[in-house]
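What follows is one structure encoded as structure tokens, with my remarks underneath.
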């Protein structure tokens, strides 16, 4: 690594591998994941520098600001950058009550190891119980309306609480993730008028391989579901592994039409 590279501005962190997986199995899985994905794009250094500058400028100009993290690969990269830059930006997680056990284990490790403030927001328990009582746990598979109602209870309402009093929030959106995200910008002011929030997306230009190159380079702890072909990880009932050749978000709400595959966090309501 050349000293002139922007990568040299970030110090590596140690990986906590307390995943509940046999160490030899975990090591083989990591090797396979990195062999598949960790070849950076030719623009990786440029993308990295852009992200660092975006985060620093957001911290200077848009406080109070928080990072939203699903604990997916993009989000753990951003959290690592924030820590490495010495920015005092809180990180919040929407603990929906339906996350995979691997995600919850990573949440515990993150809380134990991070110097940043890690905030947890959960849905109102009585609302979850009312939904299950009146609709049933299988309602999300029967209609888009019911699935989005579940997302509203478990994600959107807790998100509003997490962002109360904030000027901006940081996300892991990338243009490569889906057609719906192809036009996303580094700074998104589309919610400024309606919600008074600016959305900061420091990884918009990164490829999936860029993300994994960074994780490998800095030994960032990550969700082991990624090793099992889960590129996009949400609630357990709404997420499956994808097959070779499927699109990045094919495993999210796979029973629905392609145009419906958002929970509402990153799309404007009509």
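The values are calculated or read from the model by the stated rules, or taken from the named source; none is laboratory data. The structure presented is a predicted model; accordingly, all values stated were derived computationally and were not measured. Positions of Cβ are generated from backbone atoms using ideal geometry, with glycine treated the same way; all protein chains shown enter the neighbour counts.
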- prompt: All but one of (1) out of contact with any helix residue (DSSP H, G or I) (no Cβ under 8 Å at 6 or more places or on another chain); (2) in contact (Cβ under 8 Å) with a residue 24 or more places away in the chain; (3) more than 22 Å from residue 83 (Cβ to Cβ); (4) crowded, with 18+ Cβ neighbours inside 10 Å hold for residue 140; which doesn't?
  reply: (1)
field: One residue from 211, 220, 204 being under 15 Å from the mean Cα position of the chain (by Cα), in a helix (DSSP H, G or I), in contact (Cβ under 8 Å) with a residue 12 or more places away in the chain and closer than 20 Å to residue 71 by Cβ
entry: 211
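Taking the conditions exactly as written (in contact with a strand residue (DSSP E or B) (Cβ under 6 Å, 6 or more places away or on another chain) and surrounded by 16 or more Cβ atoms within 10 Å (Cβ to Cβ)), does residue 188 satisfy them or not? So that I can check it myself, show each step before the final result.
Details: in contact with a strand residue (DSSP E or B) (Cβ under 6 Å, 6 or more places away or on another chain): yes; surrounded by 16 or more Cβ atoms within 10 Å (Cβ to Cβ): yes.
Yes, satisfied.
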- prompt: over 13 Å from the mean Cα position of the chain (by Cα), at pLDDT below 90, under 27 Å from residue 160 (Cβ atoms) and not in a loop (DSSP other than H, G, I, E, B), is that true of residue 268?
  reply: no
task: Determine whether the range 48-69 contains at least one residue that is in contact with a helix residue (DSSP H, G or I) (Cβ under 8 Å, 6 or more places away or on another chain) and part of a loop (DSSP other than H, G, I, E, B).
output: yes
Residue tally, condition touching a residue at least 40 places away in the same chain (Cβ under 8 Å) and part of a helix (DSSP H, G or I), over the range 102-136: 8
